[in-house]
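K.L.:
This is the structure, below, for whatever I ask next.
The values are calculated or read from the model by the stated rules, or taken from the named source; none is laboratory data. Fair warning: this is a prediction, and the values are worked out from it, not measured in the lab. Counting neighbours? That spans all protein chains shown, and the Cβs are built from the backbone with ideal geometry, glycine included. To get the accessible areas, we keep the full protein, side chains included, count just its heavy atoms, and leave off ligands, DNA and RNA. Shrake-Rupley method; radii C 1.70, N 1.55, O 1.52, S 1.80 Å.
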Amino acid sequence: MTRHQSSVVITSEHERLAEIITDLRLPPDWRVTIERRRRKTLGIEIWAGGVVTVAVPENLAEEDIATLLAGHVDRVARAVARHRGVEAAHPAKELVDGEHFDYLGRTYRLRVVTGAEFSAQLIDDWLELVVIPGDKPTAGRLIDWYAACGEELIEDAMPMLARAAGLPTPTTMVRDLGAKWGLRERGGRISIHWATFQLPADLIELVLAHELTHLRVSTHSEEFWRELGRLVPDFALRERRLAVLGASAWLGAVRHMRL
């Protein structure tokens, strides 16, 4: 993504516009720039370092910009929340007895035992990881377990969501997506991050519905949010929870125990 080179930045000295920007309730040290561009609708861009760029039609008066932005306060807040969720400093874990791992919104303690072959399973309040004698537990084994559980959950949940969206059930893969919870792939396929399955079930549903909606609408336009709202009416609330809970999701980093 590149910035529009011929845009004009508007300051927030306009009193009503400044009040609306304040209503966005951005994190400390974040700032908003409003740029006039050759476009017909409002656009939102979130930049590293805490900058929100709001692109508006180039001939719009500041009073009209204020009115337009006032109608999209929640949209801006959601965009910032998503950005903060994927940029957060995710925790590293020690692969030792008692370490905490989440699954479907519930926290379990790790228990490492030896056995004939590698496996992982939930037993009461424990996530039991079986390792071969002489070997050590690895993040990869746990990631494989999350991915396998996620594939089973998607197999159960996706057909119903797809029917609600009026779409055929897409081929869906679970894999590492870096800083993305989900991704619409070429050919109508969807990928979901394995770490998604640490989240509560309603937030997993949000991620699935979000990517399903992208099969119909590729960009985050008004049509996209309208279609997503048909599948998940409270998606704005869920997205804010995702930004908070997602910041503490484990993405596979391991912290070695100090001796």
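K.L.:
Could you compute how much accessible surface D156 exposes when probed at 1.4 Å, giving the result in Å² to the nearest 10?
P.N.:
Around 120 Å² of this residue is reachable by solvent.
K.L.:
Once the other residues with Cβ under 12 Å from the Cβ of T138 are scored (Lys, Arg +1; Asp, Glu -1), what is the net sum? Please list the in-between numbers first.
P.N.:
Working: positive: K93, K136, R141; negative: D135, D144.
Charge balance in the 12 Å sphere: +1.
K.L.:
Might you report the magnitude of the Cβ-based charge dipole of the range 214-259 about its Cα centre, with Lys and Arg at +1 and Asp and Glu at -1, to the nearest 20 debye?
P.N.:
Details: 8 positive and 5 negative charges, 71 e Å.
The calculated dipole for the range 214-259 is roughly 340 debye.
K.L.:
Extending each Cα 7 Å along its Cβ direction at L60 and R109, get the distance between those two points in nm, one decimal.
P.N.:
5.5
K.L.:
For a quick check of understanding: with a 1.4 angstrom probe and all protein chains in place, what accessible area in square angstrom does K180 have, to the nearest ten?
P.N.:
110
K.L.:
Given bins 10 angstrom wide, list per bin the percent of all Cα-Cα distances in the range 108-183, short to long.
P.N.:
In whole percents, the pair-distance histogram is 16, 37, 28, 15, 4, 0.
K.L.:
Note the per residue figure in Å³ for the convex hull of the C-alpha positions in the range 143-210. Numbers along the way, then the final one.
P.N.:
Details: hull volume 5.4 nm³, N = 68.
Dividing the Cα hull volume of the range 143-210 by its residue count gives 80 Å³.
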